[in-house]
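So the structure is just underneath, and the comments pick up after that.
The values are calculated or read from the model by the stated rules, or taken from the named source; none is laboratory data. Small disclaimer: the values here were computed from a predicted structure and weren't measured. Every residue, glycine among them, receives a Cβ derived from its backbone with ideal geometry; neighbour counts consider all protein chains shown. Remember, those area values only see protein heavy atoms, side chains included, never the ligands or the DNA or RNA. Shrake-Rupley method; radii C 1.70, N 1.55, O 1.52, S 1.80 Å.
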Amino acid sequence: MNTSSFVLTSPDIAEGATISTRFVFNSFGCTGDNVSPELRWRGAPAGPKNFAATLYHPPAPARR
């Protein structure tokens, strides 16, 4: 599978910018609006029927 042509973008999220609280989960101590940002992609492989996206924030405190 050639993944070099797969491109994911969002008009709601600017590269290198802070994500608006509109798109932050509203639970576990977070107080966002829990709205999903618009995602756009091109060059997706033919086989998959679903995609999953995650956001990782390394400096965020982990709950144990």
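Some points to look at:
- Subset of segment 1-17 that is open to solvent by 90 Å² or more (accessible area, probe 1.4 Å) and farther than 16 Å from E38 by Cα - its residue that is modelled with the highest pLDDT: S4
- Beta carbons closer than 8 Å, at least 6 apart along the sequence or on distinct chains, pair a first residue in segment 14-40 that is over 17 Å from A53 (Cβ atoms) with a second that is surrounded by 11 or more Cβ atoms within 10 Å (Cβ to Cβ) and charged (D, E, K, R) for T21/D33; N26/D33; D33/R22.
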